[in-house]
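The values are calculated or read from the model by the stated rules, or taken from the named source; none is laboratory data. Everything numeric here is computed off the predicted structure, so don't read it as measured data. Virtual Cβ from ideal backbone geometry, glycine too; neighbours counted across all protein chains shown. Remember, those area values only see protein heavy atoms, side chains included, never the ligands or the DNA or RNA. Shrake-Rupley method; radii C 1.70, N 1.55, O 1.52, S 1.80 Å.
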Amino acid sequence: MAEKPEPVKVLYCPICSLPAEYCEFGPDFEKCKPWLIINAPELYPDLLKEANEKEAERVSEQLQSAGISSSGADGAASYAQSGVTSSSKQEEVKRLPGGKIKKKARQEVVIEKVVRNKRKCITIIKGLDLFGIKLSDASKKLGKKFATGASVVKGPTEKEQIDVQGDIAYDIVEFITETWSDVPETAIYFIEDGKKVPAA
């Protein structure tokens, strides 16, 4: 009889839950590196070298801060300082998959009045979600306050906004600032003739 093949034992990373061979393709390889150095050094020999270099730089930096220096330590320390600044810049900018950089959206509420069918008016409110306000709750409050229909819809930019039936553009500023204290009046803008105009 033929022998049964042994099952393959796969080492899974507890951080990204991928097999150790595929960690570099996971969501955050930087967090996996310390675990990989300890548990799977044969898969990523470059990581081991990199860790040894960082350790040598850290030791030379400690020696320099203690007042002991050598020509080799000076070069390593300057390299370590440049590495520190680049890593802090990477933390400030959020990177999306594919290398795209995500910009932080400005926290502002934009109110726009749209006329439909020459009579009907709709007030559109954009940006309340940037202040941590649930749009579904906000639409209910607006509907009750102004006794009108209010709903959360996706706008042309695929971002959610609140559509309120009726012309309540100027009454709404006071309601927003009173109801949600996180939203300052200086962050509320109207769109008139295609231009942003501050509400205050």
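Full extension of the chain between GLU3 and PHE175 gives 54.2 nm of extra length, using 0.36 nm per residue less the Cα-Cα distance. Using a 1.4 Å probe over the heavy atoms of the protein chains, calculate the carbon and sulfur portion of the accessible area of region 111-176 as a whole percent. The computed percentage sits at 47. Summing charges over all other residues whose Cβ lies under 14 Å from the Cβ of CYS23, with Lys and Arg as +1 and Asp and Glu as -1, gives -4. Over all other residues within a Cβ to Cβ distance under 12 Å of ALA40, the charged ones net out to -2, with Lys and Arg as +1 and Asp and Glu as -1.
What is the sum of charges, Lys and Arg at +1 and Asp and Glu at -1, for the other residues whose Cβ falls under 9 Å from the Cβ of PHE175? Spelling it out: positives minus negatives among the neighbours equals -1.
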